[in-house]
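The values are calculated or read from the model by the stated rules, or taken from the named source; none is laboratory data. Just so you know, these numbers come straight off a predicted model, no measurement behind them. Because the Cβ atoms are built from the backbone with ideal geometry, glycine has one as well, and the counts that use them run over all protein chains shown. Surface accessibility is based on the protein's heavy atoms, side chains included, excluding ligands, DNA and RNA. Shrake-Rupley method; radii C 1.70, N 1.55, O 1.52, S 1.80 Å.
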Amino acid sequence: MQCSIQEYLNSLKDKNVAVLGIGISNLPLIHMLRKAGIRVTACDKRDRTAFGPQAEELEASGVCLRLGTDYLDHLEGQDVIFRTPGMRPDLPQLSAAVKRGSVLTSEMEVFFQVCPCPIIGITGSDGKTTTTTIIAELLKSGGYRVHLGGNIGNPLLPEAGDITPADYAVVELSSFQLMTMDLSPHIAVVTNLAPNHLDVHKSMEEYIAAKKNLFLRQRTGDRVILNTDNDITRSFVSEAKGAVTLFSRKEEPEGSAVFLRDNTIWVRDGEGERAVLSREGILLPGDHNVENYMAAIAAVNGLVKDETIRTFAASFGGVEHRIELVRTLNGVRYYNDSIASSPTRTIAGLRSFSEKVILIAGGYDKHIPFEALGPEVLKRVRRLILTGDTASKIRTAVESAPGFRESGLPIEEYDDFRQAVEAARDAASEGDVVILSPACASFDRFKNFMERGKAFKDIVQGF
């Protein structure tokens with residue numbers, strides 16, 4: 001049910017509210033709830049020492065803390081429970097609380113209920129952060145006031161009171177955030193889908209079902225933008241509730257579409273066909289970034305002028321940790337692609353370069369297959385340096401690929417991340433490209449992909 005943020009907060013005045021996870025997305029939520037005079041219990045699996053003075057500050061503001069490994073075991077009496085992104089909604093403790101009458105929700109779910117302006121939501125396995133950023137920046141360039149958040153890192157619910165109907169909210173949404181989402185954005189963008197996060201999702205089918213929630217509850221007048229080059233997203237067309245726009249780098253779909261013709265991105269809509277952006281006009285390298293621009297152009301079509309799009313594309317250098325040029329040293333270019341936490345993302349990164357590269361890969365095991373990575377590595381990598389928990393799995397995938405013995409590809413493994421980066425430096429010569437593109441999540445050694453990317457950049461800058 002749609003309501004204002006103040007109406008929602010008023011509805012919680014006499015309720016007990018639990019917030020699960022005291023992190024980036026939920027800390028502002030906790031402060032907002034307490035400022036509104038709502039009783040809040042904040043729960044986190046970390047013990048008190050991990051929070052330091054922050055624990056005392058939260059308690060001083062009136063927050064009740066439940067910390068430690070049993071943090072989910074005392075949810076009796078909680079009327080509303082906010083789960084953190086990444087926490088499965090069917091955990092036994094949460095299921096028991098719901099059976100007792102608790103309402104299970106999240107910061108993003110409530111934001112969809114109270115947001116007074118149009119929402120553009122973006123999801124996918126790869127490219128969603130870059131696409132989200134491009135959409136937001138294009139709208140800003142077009143003169144709109146934009147609120148950017150969701151999985152991209154900024155919680156939007158605490159900002160809801162400052163949003164006007166003339167604004168736009170642009171939100172990146174993960175499968176975890178979408179699992180229980182019961183509202184859809186006005187404009188939904190699905191970049192692509194491939195196996196991912198199977199360490200958390202019970203199956204690929206569950207992962208796909210979560211992604212579908214982005215558009216399954218759209219209404220008349222809403223739009224969904226789908227990648228017809230991807231088998232899974234193409235299959236969504238028959239289930240779409242809003243008007244469908246397809247984008248493709250490989251063909252020219254019928255109907256409303258964004259496509260590549262003669263190395264130029266074209267738009268076909270109710271007013272006909274027009275060329276919008278040449279491939280040479282995009283500063284970001286790689287076919288995957290052409291696709292990101294196609295999705296973004298489809299989203300802002302009718303809102304942003306084509307000339308604005310062309311001006312932006314010529315100068316936008318990308319998002320940190322996404323094929324980010326760190327430095328050039330002794331003729332060697334070092335790129336940080338730490339965001340590449342899946343094989344498909346790493347493959348896209350490798351295809352961005354015309355020359356063979358020195359690849360640093362490996363990390364936390366999300367239980368997704370690496371078979372597709374093997375042939376691409378043989379085709380596009382001149383030396384493979386592996387590190388992290390998945391090193392042996394990636395090695396097996398590469399060594400099992402047809403043509404491995406004939407390739408003569410050197411493969412090295414290092415337990416230490418720094419040693420792996422230094423080995424890449426030692427193997428490189430003038431004209432080479434060294435790229436960190438792990439094909440895996442970071443949790444074996446780092447808190448997140450940002451921390452991993454920063455560690456790589458710090459090491460490289462220290463050479």
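Here is a check on your reading of the model: is Val80 within 29 Å of Ile152 (Cβ to Cβ) and open to solvent by less than 50 Å² (accessible area, probe 1.4 Å)?
Numbers: within 29 Å of Ile152 (Cβ to Cβ): yes; open to solvent by less than 50 Å² (accessible area, probe 1.4 Å): yes.
For Val80, the condition - within 29 Å of Ile152 (Cβ to Cβ) and open to solvent by less than 50 Å² (accessible area, probe 1.4 Å) - is met.
I'm checking my understanding of the structure. Among residues of the range 209-235 that are of a type in the set (Gly, Ala, Ser) and in a helix (DSSP H, G or I), which one is least open to solvent (accessible area, probe 1.4 Å)?
Ranking the qualifying residues of the range 209-235, first place goes to Ala210.
Consider Lys13 against the criteria (1) modelled with pLDDT of 95 or more; (2) open to solvent by 80 Å² or more (accessible area, probe 1.4 Å): it satisfies all of them except one. Which criterion is unmet?
Only one criterion in (1) modelled with pLDDT of 95 or more; (2) open to solvent by 80 Å² or more (accessible area, probe 1.4 Å) is unmet by Lys13, namely (1).
Select, from Val98, Val114, Val103, the only residue that is among the aliphatic types (A, V, I, L, M) and either at pLDDT below 95 or crowded, with 17+ Cβ neighbours inside 10 Å (or both).
So the residue among Val98, Val114, Val103 that is among the aliphatic types (A, V, I, L, M) and either at pLDDT below 95 or crowded, with 17+ Cβ neighbours inside 10 Å (or both) is Val114.
How many residues are out of contact with any Leu (no Cβ under 6 Å at 6 or more places or on another chain), more than 24 Å from Asp231 (Cβ to Cβ) and open to solvent by less than 10 Å² (accessible area, probe 1.4 Å) when one looks only at the range 339-360?
Pass one, the range 339-360, residues out of contact with any Leu (no Cβ under 6 Å at 6 or more places or on another chain): 339-342, 344-358.
When the remaining residues are screened for being more than 24 Å from Asp231 (Cβ to Cβ), the result is 353-358.
Going one step further and asking which of them are open to solvent by less than 10 Å² (accessible area, probe 1.4 Å), we end up with 357-358.
Here the count works out to 2.
Condition (residue is open to solvent by 50 Å² or more (accessible area, probe 1.4 Å), among the hydroxyl-bearing types (Ser, Thr, Tyr) and within 19 Å of the chain's Cα centre (by Cα)) applied to the range 323-338: is it met by at least one residue?
To start, the set of residues in the range 323-338 that are open to solvent by 50 Å² or more (accessible area, probe 1.4 Å) comprises 325, 327-328, 330, 333.
Pick out the ones that are also among the hydroxyl-bearing types (Ser, Thr, Tyr) and you get 328.
Then drop every residue that is not within 19 Å of the chain's Cα centre (by Cα), which leaves none.
No, there is no match, as no residue in the range 323-338 is open to solvent by 50 Å² or more (accessible area, probe 1.4 Å), among the hydroxyl-bearing types (Ser, Thr, Tyr) and within 19 Å of the chain's Cα centre (by Cα).
If you check Thr308 against the conditions, is it touching a Gly at 6+ places or on another chain (Cβ under 7 Å) and open to solvent by 20 Å² or more (accessible area, probe 1.4 Å)? Break it down stepwise before answering.
Numbers: touching a Gly at 6+ places or on another chain (Cβ under 7 Å): yes; open to solvent by 20 Å² or more (accessible area, probe 1.4 Å): yes.
Yes, satisfied.
Cβ-Cβ under 8 Å, sequence separation 6+ or interchain: first residue in the range 383-405 and at negative phi and surrounded by 21 or more Cβ atoms within 10 Å (Cβ to Cβ), partner at pLDDT below 95 and in a strand (DSSP E or B). Which pairs?
Thr390/Tyr364
Would you mind stating whether Lys211 is at pLDDT below 95 and out of contact with any Lys or Arg (no Cβ under 8 Å at 6 or more places or on another chain)? Full working, then the answer.
On the way: at pLDDT below 95: yes; out of contact with any Lys or Arg (no Cβ under 8 Å at 6 or more places or on another chain): yes.
Considered against the rule, which asks whether it is at pLDDT below 95 and out of contact with any Lys or Arg (no Cβ under 8 Å at 6 or more places or on another chain), Lys211 comes out as yes.
Could you list, in sequence order, all residues of the range 363-406 that are in contact with a strand residue (DSSP E or B) (Cβ under 8 Å, 6 or more places away or on another chain) and among the basic types (Lys, Arg)?
Those that are in contact with a strand residue (DSSP E or B) (Cβ under 8 Å, 6 or more places away or on another chain) and among the basic types (Lys, Arg): Lys366, Arg380, Arg382, Arg383, Arg395.
Go through the range 352-373 residue by residue and tally those that are modelled with pLDDT of 95 or more and among the hydroxyl-bearing types (Ser, Thr, Tyr).
0
Yes/no per residue for (1) within 24 Å of Glu430 (Cβ to Cβ); (2) of a type outside the set (Lys, Arg):
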{"site": "Leu303", "(1), (2)": "no, yes"}
{"site": "Thr308", "(1), (2)": "no, yes"}
{"site": "Leu325", "(1), (2)": "yes, yes"}
{"site": "Leu359", "(1), (2)": "yes, yes"}
{"site": "Leu373", "(1), (2)": "no, yes"}
{"site": "Glu376", "(1), (2)": "no, yes"}
{"site": "Arg395", "(1), (2)": "no, no"}
{"site": "Phe404", "(1), (2)": "no, yes"}
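Residue-wise test of (1) closer than 25 Å to Ile152 by Cβ; (2) out of contact with any Ser or Thr (no Cβ under 7 Å at 6 or more places or on another chain); (3) of a type in the set (A, V, I, L, M).
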{"residue": "Thr387", "(1), (2), (3)": "no, yes, no"}
{"residue": "Ala391", "(1), (2), (3)": "no, yes, yes"}
{"residue": "Ala427", "(1), (2), (3)": "no, yes, yes"}
{"residue": "Val433", "(1), (2), (3)": "no, yes, yes"}
{"residue": "Phe446", "(1), (2), (3)": "yes, yes, no"}
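Which one of these is open to solvent by 10 Å² or more (accessible area, probe 1.4 Å), touching a residue at least 40 places away in the same chain (Cβ under 8 Å) and among the small types (Gly, Ala, Ser): Ser175, Ser203, Ser184, Ser238?
Values: Ser175 fails: open to solvent by 10 Å² or more (accessible area, probe 1.4 Å); Ser203 fails: touching a residue at least 40 places away in the same chain (Cβ under 8 Å); Ser238 fails: touching a residue at least 40 places away in the same chain (Cβ under 8 Å).
After ruling out the rest, the residue left standing is Ser184.
Go through the range 262-277 and report how many residues are of a type outside the set (A, V, I, L, M), in contact with a strand residue (DSSP E or B) (Cβ under 8 Å, 6 or more places away or on another chain) and free of Cβ contacts under 8 Å to residues at least 24 places away in the same chain.
5
Tell me yes or no: at least one residue of the range 192-202 is among the basic types (Lys, Arg) and modelled with pLDDT of 90 or more. Full working, then the answer.
First pass over the range 192-202, keeping only residues among the basic types (Lys, Arg): 202.
Remaining after also requiring modelled with pLDDT of 90 or more: none.
Taking every residue of the range 192-202 in turn, none turns out to be among the basic types (Lys, Arg) and modelled with pLDDT of 90 or more.
Name every residue in the range 441-458 that is open to solvent by less than 40 Å² (accessible area, probe 1.4 Å) and not in a helix (DSSP H, G or I), in order of residue number. Steps first, please.
Let us first name the residues in the range 441-458 that are open to solvent by less than 40 Å² (accessible area, probe 1.4 Å), namely 441-442, 446, 452-453, 455-457.
Selection gives Ala441, Ser442, Phe446.
Of these, Glu320, Glu324, Glu307, which one is modelled with pLDDT of 95 or more and either touching a Pro at 6+ places or on another chain (Cβ under 9 Å) or among the charged types (D, E, K, R) (or both)? Before the answer, list the steps.
On the way: Glu320 fails: modelled with pLDDT of 95 or more; Glu324 fails: modelled with pLDDT of 95 or more.
Of Glu320, Glu324, Glu307, the one residue that is modelled with pLDDT of 95 or more and either touching a Pro at 6+ places or on another chain (Cβ under 9 Å) or among the charged types (D, E, K, R) (or both) is Glu307.
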